[in-house]
1. Looking at the structure I just gave you, is Thr90 β-branched (Val, Ile, Thr), farther than 19 Å from Thr139 by Cβ and at pLDDT 85 or above?
2. Considering only residues that are within 18 Å of Arg57 (Cβ to Cβ) and surrounded by fewer than 15 Cβ atoms within 10 Å (Cβ to Cβ), which ones fall in the stretch 98-132?
3. Which pairs do you get when a residue that is at positive phi, found in the stretch 113-131, comes within reach of a residue that is among the charged types (D, E, K, R) and crowded, with 20+ Cβ neighbours inside 10 Å, reach meaning Cβ atoms under 6 angstrom, with the pair 6+ apart or on two chains?
4. Would you be able to say whether some residue in the stretch 57-80 is in contact (Cβ under 8 Å) with a residue 60 or more places away in the chain, open to solvent by less than 20 Å² (accessible area, probe 1.4 Å) and either more than 16 Å from Ser144 (Cα to Cα) or in contact with a Ser or Thr (Cβ under 7 Å, 6 or more places away or on another chain) (or both)?
5. Take the residues in the stretch 133-147 that are touching a Lys or Arg at 6+ places or on another chain (Cβ under 8 Å) and not in a strand (DSSP E or B); name whichever of them is most open to solvent (accessible area, probe 1.4 Å).
Amino acid sequence: MKYQRTAFTLVELLIIVTFLGVIAFIAVPRLNFALITKEKAETEAWKIATDLRLARRLAISDAANNTKGFELTLVGAVPYRRYEINNVDTHATILSQTIDSDVSISNPTGMRFSFGPLGSLGTASATQLIVSGRGKTFTITVNSATGTVKCVEN
């Protein structure tokens, strides 16, 4: 009866691992990381839209105790890297979020979204925010009369 070999030698395994390493070394720089940045822009846009809705909800739910409302404020200069939700009456910061560095935030109408006790925007509030990242752009619009938030990909 003839003996058949069914295992690999250490040398064969090292050759295979080295070969796979060379292929990975060549392939990784060619990956399309722009796709990841595009997804970051979408995630960031929906996160900001959700936090705008949170500020509006807080203003409505706390209307009996807080007649000034809540606001979402972009902190710093363009391109914005952080935003906060603040209680306008007590000046307490409710939420502070960092914006991903691969994503650009610009605001053509101001940097403050102030929601009153009825959920509508204040008179000096911004109404639009633009979020973009490597070819993917989103516009977040807040209806000043109702305070409803809409996020649309451009």
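1. Yes; evaluated as a whole, the condition is true for this residue.
2. Answer for the stretch 98-132, where residues must be within 18 Å of Arg57 (Cβ to Cβ) and surrounded by fewer than 15 Cβ atoms within 10 Å (Cβ to Cβ): just Leu118.
3. Gly119/Arg56
4. Among the residues of the stretch 57-80, not one is in contact (Cβ under 8 Å) with a residue 60 or more places away in the chain, open to solvent by less than 20 Å² (accessible area, probe 1.4 Å) and either more than 16 Å from Ser144 (Cα to Cα) or in contact with a Ser or Thr (Cβ under 7 Å, 6 or more places away or on another chain) (or both), which makes the answer no.
5. The selected residue is Arg134.
The values are calculated or read from the model by the stated rules, or taken from the named source; none is laboratory data. Remember, it's a predicted structure, so these values are computed and weren't measured experimentally. Neighbour counts run over all protein chains shown; Cβ positions are idealised from the backbone, glycine included. Surface accessibility is based on the protein's heavy atoms, side chains included, excluding ligands, DNA and RNA. Shrake-Rupley method; radii C 1.70, N 1.55, O 1.52, S 1.80 Å.
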